[in-house]
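Asks: Below: one structure in structure tokens.
The values are calculated or read from the model by the stated rules, or taken from the named source; none is laboratory data. Values in this document were obtained by computation on a predicted structure and should not be read as measured data. Counting neighbours? That spans all protein chains shown, and the Cβs are built from the backbone with ideal geometry, glycine included. These accessible areas exclude ligands, DNA and RNA; they are computed on the full protein's heavy atoms, side chains included. Shrake-Rupley method; radii C 1.70, N 1.55, O 1.52, S 1.80 Å.
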Amino acid sequence: MSDLLYIAICDLGDLPPGERLFIKVGDIPIVIINQDGEYYAIDDCCTHDDGPLGDGEVENHEITCPRHGARFDIRTGEVLSLPAVKGVRSFPLRVNGDQLEMGLEIE
């Protein structure tokens, strides 16, 4: 198991409930979602056709790809419906004071 390096992403006040933040870490597009005060980070790229996932509707811890309707669990990245058959990566988040931090694996 790899160690994690946590990096500051934003102030908590910059990501109120119901909002999203789009970032890139290296060449990886990531969407961070605040659903009812809980924070989740997943790939912003649908595994079905590489389209943007973060613009999709979020309900009950699920995000629906706006292009073809594949659904993913925002807590784990697990795929929940076709046409996607592979999940997306999820990234650990933590609150440190008034900052939201994301964990990246150190190899």
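Asks: I'd like the full set of residues that are more than 17 Å from V31 (Cα to Cα) and aliphatic (A, V, I, L, M), limited to region 90-107.
Replies: Result: I106, single match.
Asks: Here's something else I'd like to know. Search region 1-56 for residues being open to solvent by less than 60 Å² (accessible area, probe 1.4 Å) and hydroxyl-bearing (S, T, Y), and hand back the single one that is nearest to S90 (Cα to Cα).
Replies: Per the criteria, the residue is Y40.
Asks: Moving on to the next point. Looking at region 11-19, is at least one residue out of contact with any Cys (no Cβ under 6 Å at 6 or more places or on another chain), part of a loop (DSSP other than H, G, I, E, B) and in contact (Cβ under 8 Å) with a residue 40 or more places away in the chain?
Replies: Yes, the conditions are met somewhere in region 11-19.
Asks: Can you confirm whether V58 is modelled with pLDDT of 95 or more and within 20 Å of G103 (Cβ to Cβ)?
Replies: No, not satisfied.
Asks: Considering region 57-96 alone, what residues qualify as being part of a strand (DSSP E or B), surrounded by fewer than 16 Cβ atoms within 10 Å (Cβ to Cβ) and of a type outside the set (S, T, N, Q)?
Replies: E57, E59, R94, V95
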